[in-house]
Amino acid sequence: MPIKMTDLRFAPGCHSSPGLKAWGFLAWAIKMRMARKLSILTAFIYIGLSLACATMKTVRTDYTVQERTLALGSGATLRYTLALPPSFSPEHSYPLILAFHYGGQVTPYYGKPYLMNLVLPALGELAAIMVAPDCPGAGWTDPQSEKAVLALLENIQKDFPIDPQRLLITGYSLGAVGTWDLVFKHPNMFSAAIPISGLPPKGIVIIKTVTPFWVIHSRDDELFAFASVRTFVQFCKSQGLVVELKPFLGLSHYDFTKFTLALQEAVPWLKGLWQRATSPAESRSD
């Protein structure tokens, strides 16, 4: 997703943590204030409020968070953020959460703020191993990105005791697009999928998948119309897919940190799915 300084939707930091989002807004405001009568004072007020929110936000400190790289077969390197649950032990088996970040200019460990400010606070009680890669291609649907993500999953499952029946993929905005895409391309890989604030890519081929979806979307989303998401979910249901749409009011597309409680509501659903999983682990190999 390209950044356009002429459009607030893609202004730098608009999907980032509150502090980064504020500075991105300032840059956008300076550029656009003459055209839209925005004052620098307004921008600084926004910065102050956003930084205050960033300071007040509760971030879990009981997880071990690491910035890592993975050497790919192509000679390229994939950056990713890894979070290990409290009292991690190689003798235990853990769920794995794959988290796809939003759009924007992918700076080093770009997925970390998304992991730390939304996924970890919302899903931390699952005591899962979490991994948030930096998108290496033009988007998550790019074949280069798909190949890198599959290599990362293989590596994580080789190095850590992952329960293949508890494998969740989730993503926000551009990451939600990638979530829909990867599940339909690999219909037997994931035990659950949670796309947040995003539609699948145009032209996607919908096939039967064992993966149930928990779809989180705001009725006030400024980028992906709620009606379009609802229509797509209804179509998926007509094709026999297990899809639940969870609408919310008053949440802006441009502040992912406000979706913590919405994502947290998926925890009982996930626990129920994983408790009912009885098929052999081999059935989830792709």
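Structure data summary
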| read-out | value |
| --- | --- |
| Options ARG166, ARG79, ARG68: the member that is within 22 Å of ILE216 (Cα to Cα), assigned to a strand (DSSP E or B), at pLDDT 95 or above and among the charged types (D, E, K, R) | ARG166 |
| Output for segment 189-210, where each listed residue is β-branched (Val, Ile, Thr) and buried (at least 24 other Cβ atoms within 10 Å of the Cβ) | ILE194, ILE196 |
| Scan of segment 225-247 for residues that are under 24 Å from GLY104 (Cα atoms) and either among the polar types (S, T, N, Q) or crowded, with 18+ Cβ neighbours inside 10 Å (or both), ordered by number | SER228, VAL229 |
| Matching residues, segment 229-278, being part of a loop (DSSP other than H, G, I, E, B) and over 17 Å from the mean Cα position of the chain (by Cα) | GLN239, GLY240, LEU241, VAL242, LEU249, GLY250, ALA277, THR278 |
| Some residue of segment 258-276 being over 22 Å from SER173 (Cα atoms) and surrounded by 16 or more Cβ atoms within 10 Å (Cβ to Cβ) | yes |
| Residue satisfying condition, being in contact (Cβ under 8 Å) with a residue 24 or more places away in the chain and over 23 Å from LEU115 (Cα atoms), within set VAL215, VAL242 | VAL242 |
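One line per residue, one yes/no per condition, for (1) of a type in the set (A, V, I, L, M); (2) without any contact (Cβ under 8 Å) to a residue 24 or more places away in the chain; (3) surrounded by 15 or more Cβ atoms within 10 Å (Cβ to Cβ); (4) at negative phi:
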site: THR69; (1), (2), (3), (4): no, yes, no, yes
site: LEU72; (1), (2), (3), (4): yes, no, yes, yes
site: TYR80; (1), (2), (3), (4): no, no, yes, yes
site: LEU84; (1), (2), (3), (4): yes, no, yes, yes
site: GLU91; (1), (2), (3), (4): no, no, no, yes
site: ALA99; (1), (2), (3), (4): yes, no, yes, yes
site: TYR109; (1), (2), (3), (4): no, no, yes, no
site: LYS112; (1), (2), (3), (4): no, no, yes, yes
site: ALA122; (1), (2), (3), (4): yes, no, yes, yes
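The values are calculated or read from the model by the stated rules, or taken from the named source; none is laboratory data. What you are looking at is a predicted structure, and each value in this text was computed from that prediction instead of being measured. Methodologically, a virtual Cβ is constructed for each residue, glycine included, from the backbone with ideal geometry; neighbour enumeration extends over all protein chains shown.
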